[in-house]
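Notes for the one structure printed next.
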């Protein structure tokens, strides 16, 4: 009788999270699950490896938003965003 599911009973019970890598190449973004650094990274303008945080500028953030990745962006919590920064004395308390 054929077995269903994963061939290894131990690994069938485990779940892992795998990061996705976003690559910008020739002005277009590609989402890859298992990129090959030798071929995919060399010709890329930008590489965002999954599982990491990156600081991007306003131009790159606009390009990512236009490409449909705006939901992936979170504003950086940096000092100086209000008139006197964040916090009880700043404008964003």
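The values are calculated or read from the model by the stated rules, or taken from the named source; none is laboratory data. Small disclaimer: the values here were computed from a predicted structure and weren't measured. Cβ: placed from backbone, ideal geometry, glycine included. Neighbour counts: every protein chain shown.
The requirement of being under 25 Å from residue 19 (Cβ atoms), at pLDDT 85 or above, surrounded by 11 or more Cβ atoms within 10 Å (Cβ to Cβ) and out of contact with any strand residue (DSSP E or B) (no Cβ under 9 Å at 6 or more places or on another chain) is satisfied by residue 62. Looking at residue 73, is it under 30 Å from residue 26 (Cα atoms) and at pLDDT 90 or above? For residue 73, the condition - under 30 Å from residue 26 (Cα atoms) and at pLDDT 90 or above - is not met. Taking the numbered list (1) at pLDDT 90 or above; (2) in a helix (DSSP H, G or I) in turn, residue 47 passes all entries but (2).
Taking the conditions exactly as written (in contact with a helix residue (DSSP H, G or I) (Cβ under 6 Å, 6 or more places away or on another chain) and either outside any loop (DSSP other than H, G, I, E, B) or free of Cβ contacts under 8 Å to residues at least 40 places away in the same chain (or both)), does residue 55 satisfy them or not? For residue 55, the condition - in contact with a helix residue (DSSP H, G or I) (Cβ under 6 Å, 6 or more places away or on another chain) and either outside any loop (DSSP other than H, G, I, E, B) or free of Cβ contacts under 8 Å to residues at least 40 places away in the same chain (or both) - is not met.
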